[in-house]
Amino acid sequence: MGLVVWTMMAIAVWHFTVFVPDRFLGGIVGAFVASIAGALLLALVANGFAVPGRSETDLAQALLALPGSLVGLAVCWLWGDRRERRAASA
């Protein structure tokens, strides 16, 4: 159940990428993948690579996905921005 919560939080954060210039590596789909990957990776590391079950899933698990999702989006955006700048200067 924790995996579902982490994924849903990542998708919720991803929806706010509409307010950011689209310089994500892979476009909006790349941002979607980066958001989910970052949230899942950080949440798994924080839980000791164990996925909490239904009775162990609470609000803290949902909030745990936020930093990972934001980091994933930031890395994806910076990488895409860097590639666009290099392509423009070449």
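The values are calculated or read from the model by the stated rules, or taken from the named source; none is laboratory data. Just so we're clear, the structure is a prediction, and the values are computed from it rather than from any experiment. Don't worry about glycine lacking a Cβ; one is built from the backbone with ideal geometry, like all the others, and counts go over all protein chains shown. These area figures cover heavy atoms from the full protein model, side chains too; ligands, DNA and RNA do not enter into them. Shrake-Rupley method; radii C 1.70, N 1.55, O 1.52, S 1.80 Å.
Skip the ligands, DNA and RNA, and give the accessible area per residue of the chain with a 1.4 Å probe, whole Å².
Values: 5690 Å² over 90 residues.
Accessible area per residue: 63 Å².
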Within the set Gly38, Gly72, Gly30, GNM on the chain using Cα springs under 10 Å gives the largest fluctuation to Gly30
In nm, the gap between the two label points placed 7 Å beyond Cα toward Cβ at Leu3 and Leu41 is 1.8
If each DSSP helix of 4+ residues adds -39,500 (n - 2.57) and the sum is divided by the residues in the chain, what number results at 222 nm, nearest 500 deg cm²/dmol? -24500 deg cm²/dmol
Distribution output for segment 10-70: share of Cα-Cα pairs per 10 Å bin in percent, first bin at 0, values 23, 48, 22, 7
Can you tell me the length gained on complete extension of the stretch Ala12 to Arg82, counting 0.36 nm per residue apart and subtracting the Cα distance? 22.6 nm
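Provide the gained length on full extension for the span Ser89 to Leu63, in nm with one decimal, where the gain is 0.36 nm per separating residue minus the Cα-Cα distance.
On the way: separation 26, 0.36 × 26 = 9.36 nm, distance 4.01 nm.
Between Ser89 and Leu63, full extension yields an extra 5.4 nm.
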Rounded to the nearest 0.05, what FRET efficiency do Ser55 and Val33 have when you use their Cβ-Cβ distance and R0 = 35 Å? 0.70
Note: probe point = Cα of Val20 + 7 Å toward Cβ; backbone nitrogen < 11 Å; residues of segment 68-90 passing the test are 69-81
Cα centroids of segment 1-30 and segment 36-90: how far apart, whole angstrom? 9
Relative contact order (percent, whole number), the chain, Cα cutoff 8 Å, 6+ residue spacing: 44
